[in-house]
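Asks: Could you have a look at this structure, given as structure tokens, before my questions?
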Amino acid sequence: MKNILKSTLALLSVLVAFTSCDNASKSNSGALSSSAAEKVYVAPGEHDEFYAFISGGFSGQLSVYGLPSGRLFKVIPVFSQDAEKAYGYNEETKPMLNTSHGFVPWDDAHHPDISQTKGVVDGRWVFINGNNTPRIAKIDLTTFETTEIIEVPNSAGNHSSSFVTENSEYVVAGTRFSVPIPQKDMPIKDYKGNFKGALSFISIDPEHGHMDIKFQLIMPGFDYDLSHPGRGKSHGWFFFTTYNTEEASTLMEVNASQNDKDFIAAVNWKKIEEYVNNGGGTMMPAKYAHNVYDEATHSATSTMKKEVRVVNPLEVPGAVYFLPTPKSPHGCDVDPSGEYIVGNGKLSANLTVHSFTKMLAAIENNKVAGDAYGIPILNFEDVLAGVVEQPGLGPLHTEFDGKGNAYTTFFISSEVVKWKLGTWEVVDRQPCYYSVGHLMIPGGNSQKPFGKYVVAMNKITKDRYLPTGPEVTQSAQLYDISGEKMELLLDFPTIGEPHYAAGCPADLIKPRSKKLFKLEDNKHPYATLNEADTKVVRDGKTVHIYMTTIRSHFAPDNIEGVKVGDKVYFHVTNLEQDYDVPHGVSMIGANTSELLIMPGQTETFLWEPKQIGVWPFYCTDFCSALHQEMQGYVRVSPANSNTPLKWSLGEDIE
Amino acid sequence: MKRSNIIMFIAALLPLGLFLFPLWKITLEAPQYPTPLGMYIHINDFSDVHPHDIKNINLMNHYVGMKYIPEAIPEFKIFPIGIIITTVIGLIIAFKGNYKWFLFWFVLMIVLSSAGLYDFYLWEHDYGHDLDPKAIMKFTNPDGSVMGFQPPLFGSKDILNFKAHSYPRLGALFLGVGIAASFIAYLIGKKNNKKSVTM
Ligand SMILES: [Cu+2]
């Protein structure tokens, strides 16, 4: 008996020794780095498991990365002109950047979100908000091109945006800054009670994804910071964090941080939708641009809309409630089941989690603590699900792994903290390098997260990378979250500020990817579908060049009869019908950019020659063995000359 | 109807499969074409294996001065008529003829198919060797002669950076089985004939 006991003890101690040894080697950087490298290594020719769409923040764009490799695949131009792809420079995409303020070729791109079907990311479109001049863009994932941008009127600082409901019924655009609605000239000190916050519900056409502002909820003049749709049981509700419930308008860092609790606004959008469908709300004059890119004409059109439907929340009793939440809450995140609403009070030491079930019960029992501008405020204790006690400093954002865990970023203490839903206990924490904002788990914004990795997006990197001037790259970090403990696998640099990201399995997108545009489907008004139809047409002082490209020449490549002061439009059609064979074209002295034309596509740029001479143009994309020979000339004569219009290709030179 | 005649009947019909399935396939592989370029040769048409393959073959071939693969060749008119006529002859034989005629049809088909193959070879040779004198790239064989770019009639062959494969497809199988079946019909017919004579 004694022997058995002894040997058992011996065995146990051996086991303990082994496990502790194992632990020791895990924290040892040598062993760690080799296994981490293997986990992010994607061999040549192999594909990453996930696509990550990381917003470019103040670059205005959306970048596409592979996970786990962290490789940058593409920068998709959205709100900023991009000379690389002629986006916002060519005649076809200039209308995309039109707004009620005119042409605005920049924005601050913040929160991408992937469309969903039945609560699961479906890989069809990415929506992203322009924060500065309020806009929402839709990116089509068959082409990775921005195909629609809608401006949001009555809004300012479109920040609590662009989050998509679980069947992509709506993408939401909540204003960060409250403003006079309609805008008017008034003293800023009269903010309180006079400024309003618009929460816009933009419907998404289930077939084409076309956006249309269904209604705007005109809320009290708080700052609406972030938002998330309910899901599962809370589908039909939307939650918005607020700060500045003080309604201060100056020295906000102090004056907007006075209240111990701000609110999460809970909006029953189904109820309001029903009200609106029955003719509720009022049409109000508003001016906003709706820009749609048509894949058949390869061109965008911008329409200026003149009115928008607004809803006063008091008109729809029971549709809007305030949940008190400490303290200047930033992130507003709903767990996959839809039960928990996490309000990250960025000035609070604790994390506050509300219960959807309790909220419904409080509403049912009419347990109202008071009201703000007539909107009922529920009791904090009545809706509270639990508190994660002192998990870190400066909580910002939370995502979920679908296995009952939540991951919250802490900006001030610069870390990701893993905790358990329901028990509210902290399970693990990992440092970030440095000052993390958002984090992203692929599908972490849906009912079905792919809880294998989390990407943390950092605001500064200091010593983390080689110095590149006063500003160093911003960066993302990849953690393996498949085990109980998180493991840092990789740092990778990002463009602009990696504000937020959305991710999904590559297999959702890969099979639907468009390889080329069929020439026979090209309905561009200036398309030239074969070389025989190329021509140059003068119309007063405007010259239209109908040009084609194919490996390795332009047709025509000799053009005469253009004059100083003309407006010369190059309408260039790429006749290729092979995957990944774009041609470029650039013209000396053109005040726009090159064109980069995909197979089967037509694009146009404007050249206004100001000097006489014979000026070359050439292909800018190394297209073939004879790319360097892909060039041509335009002869520019004086404005008053009568050089006849002439064009040719391959004519024998005497 | 006798068994041999039934087989002959089927044999005569089988070549009609050429109207349903491609006769031949030529595939071009290269590292920058992870999905190889390919074309099917039908009894009356060329077609793409993947959309736009022929266009892309033409685009590449123009570097060495090869002509564009034509939309149609005269053979596309002659071959279908030939197949229909031989099928009609085969059917008449199957209904009316005695087994010796089966052998005649078998030999006729062998001769015509060989002629077709030879014609195809000639076309290929011309296509691969009659190059534009202003071709962008000119290549010579080790012996100094001008390099041709003729795909193989049957089998695989390296042509510059490409590996070309040329193999029969289902249509050719129908034709081949049809021809073979006529010979079997002949053998069975002959055997039965002997039997009936001795009995
Ligand atoms: Cu080119």
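Asks: Among the residues of region A:543-557, which ones have their accessible area go down by 50 Å² or more when all the protein chains sit together, as opposed to their chain alone (1.4 Å probe)?
Replies: A:Arg551
Asks: Could you work out how far the C-alpha centroid of region A:111-160 sits from that of region B:74-105, in angstrom?
Replies: 66 Å
Asks: Using +1 at the C-beta of Lys and Arg and -1 at the C-beta of Asp and Glu, which of A:Val334, A:Gly281, A:Thr241 has the Cα lying farthest in the positive direction of the dipole of region A:212-367?
Replies: A:Gly281
Asks: Now for a separate question. Using protein chains only (no ligands, no nucleic acids) and a 1.4 Å probe, work out which residues of region A:571-610 have their accessible area cut by at least 20 Å² relative to the chain alone.
Replies: By number: A:Gln577, A:Asp578.
Asks: Label points 7 Å out from Cα along the Cβ direction at A:Met284 and A:Asn365: separation in nm?
Replies: Each label point lies 7 Å from its Cα, and together they span 3.7 nm.
Asks: Evaluate 2.2 N^0.38 Å with N set to the residue count of region A:272-390, then give the Cα radius of gyration divided by it.
Replies: Working it through for region A:272-390, the quotient is 1.46.
Asks: So if I place +1 on the C-beta of Lys and Arg and -1 on the C-beta of Asp and Glu, and nothing else carries charge, what would the dipole magnitude of region A:397-537 be about its Cα centre? I want it in debye, nearest 20.
Replies: The calculation lands at about 320 debye.
Asks: Please work out the average accessible area per residue across region A:149-214, using the 1.4 Å probe convention, and give it in Å².
Replies: Heavy-atom SASA per residue in region A:149-214 reads 37 Å².
Asks: To the nearest Å, what is the center-to-center distance of region A:33-72 and region A:587-610, using C-alpha atoms only?
Replies: Here the two parts' Cα centres lie 32 Å apart.
Asks: State which helices in chain B qualify, where a helix is a whole DSSP H run, it must extend 27 Å or more along its own axis by its Cα atoms, and its mean Kyte-Doolittle hydropathy must be at least 0.0.
Replies: Length and hydropathy pass: B:75-96, B:99-129, B:170-198.
Asks: Same structure again: Just round it to a whole percent: the fraction of Cα-Cα distances in region A:404-454 exceeding 17 Å.
Replies: That tail contains 37 percent of the Cα-Cα pairs.
Asks: For B:Lys100, give me every one of the lysines with a C-alpha distance below 28 angstrom, ignoring sequence neighbours fewer than eight places off in its own chain.
Replies: Straight-line reach from B:Lys100, under 28 Å: B:Lys2, B:Lys190, B:Lys191, B:Lys194, B:Lys195.
Asks: Have a look at region B:54-77 and report residues whose accessible surface goes down by 30 Å² or more when the remaining protein chains are included, against the chain on its own, probe 1.4 Å, ligands and DNA/RNA excluded.
Replies: Correct list: B:Lys55, B:Asn56, B:Leu59, B:Tyr63.
Asks: Let me ask another. Scale the Cα Rg of the protein assembly as shown by the rule-of-thumb value 2.2 N^0.38 Å and send over the ratio, two decimals.
Replies: Working it through for the protein assembly as shown, the quotient is 1.24.
Asks: Taking the dipole about the Cα centre of the protein assembly as shown, with the C-beta of Lys and Arg at +1 and of Asp and Glu at -1, give me whichever of B:Gly148, A:Gly589, A:Val388 is farthest to the positive side.
Replies: Toward the positive end, the furthest listed residue is B:Gly148.
Asks: Also, I was wondering about something else. Express the carbon and sulfur contribution to the solvent-accessible surface of region B:10-102 as a percent, rounded to the nearest whole number, probe 1.4 angstrom.
Replies: Looking at region B:10-102 in its full context, I get 70 percent from C and S.
Asks: Name the GluC sites (Glu not before Pro) in region A:390-498 that are in a loop by DSSP and that have at most 14 other C-beta atoms within 10 Å, would you?
Replies: A:Glu425, A:Glu471, A:Glu484
Asks: Can you give me the angle between helix A:2-27 and the longest principal axis of chain A, using Cα atoms only, in degrees from 0 to 90, rounded to the nearest 10?
Replies: Approximately 30 degrees, to the nearest 10.
Asks: Quick one: if you take sqrt(5λ) for each eigenvalue of the C-alpha gyration tensor of region A:168-231, what semi-axes come out, biggest first, whole angstrom?
Replies: So the equivalent ellipsoid measures 28, 13, 7 Å along its semi-axes.
Asks: Please give the per residue accessible area of region B:40-199, computed with a probe of 1.4 Å over protein heavy atoms only, in Å².
Replies: Per-residue value: 57 Å².
Asks: Chain pair B, A: how much accessible area is buried, both chains summed, with a 1.4 Å probe, in Å² to 100?
Replies: Summed over both sides, the interface buries about 900 Å².
Asks: Here is a follow-up. Would you kindly calculate the translational diffusion coefficient of chain B, applying Stokes-Einstein with the Kirkwood radius from alpha carbon pairs, for 37 °C and a viscosity of 0.692 mPa s, and quote it in µm² s⁻¹ without decimals?
Replies: Answer from the Stokes-Einstein relation: 174 µm²/s.
Asks: Oh, and also: Would you compute, for the Cα atoms of region A:567-654, the largest minus smallest coordinate along each principal axis and list the three values in descending order, in whole Å?
Replies: 45, 35, 19
Asks: Please state the shape class of region A:498-654: rounded when a/c is under 1.5, otherwise prolate if a/b exceeds b/c and oblate if not, all from the C-alpha gyration tensor.
Replies: It is prolate, given that a/c is not under 1.5 and a/b is the larger ratio.
Asks: Carbon and sulfur atoms: what percent of the 1.4 Å accessible area of chain A do they account for?
Replies: 55 percent
Asks: Which of the pairs A:Lys118/A:Lys233; A:Lys327/A:Lys462; B:Lys25/B:Lys157 have their Cα atoms more than 23 Å apart in this structure?
Replies: Distance filter (> 23 Å) returns A:Lys327/A:Lys462.
Asks: Compute the Cα gyration tensor for region A:88-212, then decide on rounded, prolate or oblate, letting a ≥ b ≥ c be the square roots of its eigenvalues: rounded whenever a/c is under 1.5, prolate when a/b is larger than b/c in the other cases, and oblate in all that remain.
Replies: Here region A:88-212 falls in the oblate category.
Asks: What does the accessible area of B:His50 come to, in Å² to the nearest 10, when a probe of 1.4 Å is used?
Replies: That residue has around 70 Å² of solvent-accessible surface.
Asks: Taking each pair of distinct Cα atoms in region A:309-445 once, what is the resulting Kirkwood hydrodynamic radius in Å?
Replies: 15.7 Å
Asks: Sticking with this one: So for region A:217-267, considering every pair of alpha-carbon atoms, how many percent are separated by more than 13 Å?
Replies: Tail of the P(r) past 13 Å holds 60 percent of the pairs.
Asks: So what is Rg over Rh here for region A:162-305, counting just Cα atoms and using Kirkwood for Rh?
Replies: That ratio equals 1.01.
Asks: What size of dipole, in debye to the nearest 20, comes out for the protein assembly as shown about its Cα centre when the only charges are +1 on Lys and Arg C-beta atoms and -1 on Asp and Glu C-beta atoms?
Replies: In debye, rounded to 20, the protein assembly as shown gives about 2740.
Asks: Considering only protein heavy atoms, what is the solvent-accessible area of A:His235 at a probe of 1.4 Å, reported in Å² to the nearest 10?
Replies: About 40 Å², rounded to the nearest 10.
Asks: Any lysines with Cα under 21 Å of the A:Lys85 Cα? List them, leaving off those in the same chain fewer than 8 positions away.
Replies: The qualifying lysines are A:Lys74, A:Lys94, A:Lys138, A:Lys514, A:Lys515, A:Lys518, A:Lys523.
Asks: Next up: Determine the per residue accessible area of region A:331-444 with all protein chains present and a 1.4 angstrom probe, expressed in square angstrom.
Replies: 34 Å²
Asks: I would also like to ask the following. Among A:Gln183, A:Gly469, B:Asn58, which residue has its Cα positioned farthest towards the positive end of the charge dipole of the protein assembly as shown, with +1 placed on the Cβ of Lys and Arg, -1 on the Cβ of Asp and Glu, and the dipole taken about the Cα centre?
Replies: B:Asn58
Asks: Same structure again: Per residue of region A:330-340, what does 6.51 cos²θ - 1.76 cosθ + 1.60 with θ = phi - 60° give for ³J(HN,Hα)? Whole Hz please, x for Gly and Pro, Karplus curve as stated.
Replies: Coupling constants for region A:330-340: 9, x, 9, 10, 10, 6, x, 7, x, 7, 9 Hz.
Asks: Hey, in the GNM for chain B with a 10 angstrom Cα cutoff, which one of B:Lys134, B:Lys77, B:Lys25 fluctuates hardest?
Replies: Answer for the Gaussian network model of chain B: B:Lys134.
Asks: Further, regarding this structure: Would you mind working out the magnitude of the charge dipole of region A:310-371 relative to its Cα centre, with +1 at each Lys and Arg C-beta and -1 at each Asp and Glu C-beta, to the nearest 20 Debye?
Replies: Using Cβ point charges on Lys, Arg, Asp and Glu, region A:310-371 gives about 240 debye.
The values are calculated or read from the model by the stated rules, or taken from the named source; none is laboratory data. None of the values given here were measured: they were computed from a predicted structure. No Cβ is skipped: glycine too gets one built from the backbone with ideal geometry, and neighbour counts run over all protein chains shown. These accessible areas exclude ligands, DNA and RNA; they are computed on the full protein's heavy atoms, side chains included. Shrake-Rupley method; radii C 1.70, N 1.55, O 1.52, S 1.80 Å.
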